[in-house]
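Just below is one structure, and these are the notes that go with it.
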Amino acid sequence: MSSAVAMEATWRRRRLSSNGGASEMTEEPAGQWGRAWEVDWFSLSAVILLLCTAPFLVFFFVMVCDQYQCSVSQPLVELYSGEATLRSIWDKAPSFTWTAAQIYTVWVSFQVVLYMCVPDITHKFLPGYAGGVQDGARTPAGLINKYEINGLQSWLITHALWYANAQYFHWFSPTIIFDNWIPLLWCTNILGYAVSTFAFVKAYLFPTNAEDCKFTGNVFYNYMMGIEFNPRIGKWFDFKLFFNGRPGIVAWTLINLSYAAKQQELYGYVTNSMILVNVLQAIYVLDFFWNEAWYLKTIDICHDHFGWYLGWGDCVWLPFLYTLQGLYLVYNPVQLSTAHAAAVLLLGLVGYYVFRSTNHQKDLFRRTEGKCSIWGEKPTFIECAYRSGDGGLHHSKLMTSGFWGVARHLNYTGDLMGSLAYCAACGFGHIHPYFYIVYMTILLVHRCVRDEHRCSSKYGKDWKRYTDAVPYRLLPGIF
Ligand code: NDP
C-alpha cells in the first residue's frame, strides 16, 4: 500500500510541476488521459448516481418486457396509482438460479480458453485481416503492450459451435439465453462487480505497471473510472481487451440469435424486423472483430483506465442494453412494410458506411503519415506539436479533408445513424427500443466533448487552427 501512496505522490508532483509552466504545451497536458486528476462535486455526484442507479436501470428495461410487454410507462402508472409496489414488481421478477450460473460460468470460461489458449490462425488465410500478436498504442508511461488479437477467430468458433448445436447436436435449446435472461442478469452483475473490485484492489496491491496508474483522492471515482491503465494477469491476460471484446461482444450476436429462435418457437415465424436487427448488428459486431487490431488505438484502450465503468459496463450494460431491440421484438413481433424495412436497411447501411469509412480514412492517414489518397486526392492537414509526460516534443497531423474535413467526428455520426436504424426496425409502438439511440447520443456527444477537451489540452493553438478549419463536430451546419 505504501508504494501506491508513493506512486500517487510522484504523479501529483509531476502534475504540479507541469501546471507551473506558462507555455501552451504543458509537460503533461491536463485531460490527456481518460479520467480526471481531481474530482469536482459534479463529477463525484454523477459517479455516485451512476453506481447506485445503473444496475437498476438495466433491471428496469429487462423487467418491463418480462412483466409489461416492454411498456416503459405501465409500471410507472401502476406504481403511481398504487396498483403495484416496488416490492411486488421485484417479487415477480425471476431471481438468481444455479442453472444460469452454470451457463454463465461455462460461457465465460470458454471465452477465456479461446482468448488465452488458441493463438490466431485466421490472419494466415484471411487476406487483409490483421490478427495474431499486435502492438498497442504507447501508454502514458511509455510502454507498448503486446496483444494476441484472436477475437474474430473466437467469434467464428463460438458461432460455428452454436450452429452445430442448433442443427445437429441439440445439447441445448437455441432459446437458452432468452429463457434464462433475468437470472443471467444476476450472474453478469456478480462478475461485473467482482472484476471491478478485483481491478481496484489490484491497483493498490500489485499493479501491472505502477507508472501507468492514476489516483485521485476519491475512492468512488477511483473505483468507477479505474486506476490501472492496462491491468493484466501474467503476460497475456489483458483485462481491457478481454472484457471489452469478449464475453459481451461475442455474446451480442448469439443473444440476437436466441431472440430470433424464441420468436420462431412462440409464433412459428421470424419477423423481418428481427432479421434486420440481427443482420445490422451482426455487421457492426463483425466489423469490430475484423478491426480488432485497429481498436487497440481507440479511446477505450488508449486513454480509459480499467474500473467499474469498463468492467461492469462490458459484463452487464453492453449485453443487456445493446440488445434491447431483439428482446422487444420477442414480446412485440413487428412485421414491417417493405418500404419501412427498406428505409431501415438503407439507414443502417449508410450509417455503417460513414462510420467505417471515416475510421478507415483516419487510420490510413495516420499509418501513412499523410502519404495516401483520400477521395482521390492527397489529403490536406494541419501540422501539430505537443509534449508528452516525459517532456519530449512530438509532432502529429490532423486531417482536414475527406470525412474529417466535413465534421470533426463523422465516425460518431455514422454510428448514431446505425443505432437509429436498429431502433426504427422495431416500429413506433413503444419507446422501449429507442432507449439505445438516446443512450448512444449521450455517450458519443459526451465522448466527443471529452476527446476535444483532451485534444485542445494536447495541441493548444494547433487544435484551435483545426477547429477553425473544420468548425462542426457531428452535423455540418448544426453541431
Ligand atoms: P476516434 O477514432 O474518433 O479518435 C479520436 C482521436 O483521433 C483524437 O483523440 C485524436 O487523437 C485523433 N484525431 C482527431 N481528429 C483527427 C483528425 N482530423 N485527423 C487525424 N486524427 C484525428 O474516437 P474513438 O476512439 O472514441 O472512436 C472509435 C470508433 O468507435 C468510433 O467510430 C465510435 O463511433 C466507436 N465507438 C463505439 C462505441 C459503442 O459503444 N458502440 C463506444 C465508443 C466508440 P490523437 O491524440 O492521436 O491526435
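Taken as a whole, the stretch 459-475 holds no residue that is over 20 Å from LEU398 (Cβ atoms), more than 11 Å from the ligand (Cβ to nearest atom) and at pLDDT 90 or above.
Note on the stretch 385-418: residues that are out of contact with any Pro (no Cβ under 6 Å at 6 or more places or on another chain), closer than 15 Å to PHE479 by Cβ, part of a loop (DSSP other than H, G, I, E, B) and more than 7 Å from the ligand (Cβ to nearest atom) amount to 0. Screening GLY348 against (1) more than 16 Å from the ligand (Cβ to nearest atom); (2) surrounded by 19 or more Cβ atoms within 10 Å (Cβ to Cβ); (3) under 29 Å from LEU475 (Cβ atoms); (4) not hydroxyl-bearing (Ser, Thr, Tyr) leaves a single unmet condition, (1). Take the conditions (1) assigned to a helix (DSSP H, G or I); (2) touching a residue at least 40 places away in the same chain (Cβ under 8 Å); (3) open to solvent by 10 Å² or more (accessible area, probe 1.4 Å); ASN256 misses just one of them, which is (3). Looking across the stretch 140-153 at every residue that is surrounded by 17 or more Cβ atoms within 10 Å (Cβ to Cβ) and farther than 9 Å from ASP120 by Cα, the one that is modelled with the highest pLDDT is identified as TYR147.
The set of residues in the stretch 285-311 being farther than 15 Å from TYR439 by Cβ and under 12 Å from the mean Cα position of the chain (by Cα) consists of VAL285, PHE288, TYR295, THR298, ILE299, ASP300, ILE301, ASP304, LEU310, GLY311. Could you look through the stretch 106-135, keep only residues that are assigned to a helix (DSSP H, G or I), among the polar types (S, T, N, Q) and within 22 Å of the chain's Cα centre (by Cα), and pick out the one that is nearest to ALA251 (Cα to Cα)? So, considering only residues that are assigned to a helix (DSSP H, G or I), among the polar types (S, T, N, Q) and within 22 Å of the chain's Cα centre (by Cα), the one nearest to ALA251 (Cα to Cα) is GLN111.
Of everything listed in (1) free of Cβ contacts under 8 Å to residues at least 12 places away in the same chain; (2) touching a strand residue (DSSP E or B) at 6+ places or on another chain (Cβ under 9 Å), the single unmet condition for HIS305 is (1). Taken across the stretch 313-333, residues that are more than 10 Å from the ligand (Cβ to nearest atom), surrounded by fewer than 23 Cβ atoms within 10 Å (Cβ to Cβ) and free of Cβ contacts under 8 Å to residues at least 60 places away in the same chain do not occur at all. Scanning the stretch 423-440 for residues that are surrounded by fewer than 16 Cβ atoms within 10 Å (Cβ to Cβ) and touching a residue at least 24 places away in the same chain (Cβ under 8 Å), we see that the one that is nearest to the ligand (Cβ to nearest atom) is ILE431. Of the helices (runs of 4 or more DSSP H) lying entirely inside the stretch 269-310, the ones with 2 or more residues being touching a helix residue (DSSP H, G or I) at 6+ places or on another chain (Cβ under 9 Å) and closer than 28 Å to SER337 by Cα are found at 272-290.
The values are calculated or read from the model by the stated rules, or taken from the named source; none is laboratory data. Fair warning: this is a prediction, and the values are worked out from it, not measured in the lab. Note that we place each Cβ from the backbone using ideal geometry, even for glycine, and neighbour counts take in every protein chain shown. Just so you know, the surface numbers come from the protein's heavy atoms only, side chains and all, with ligands and any DNA or RNA stripped out. Shrake-Rupley method; radii C 1.70, N 1.55, O 1.52, S 1.80 Å.
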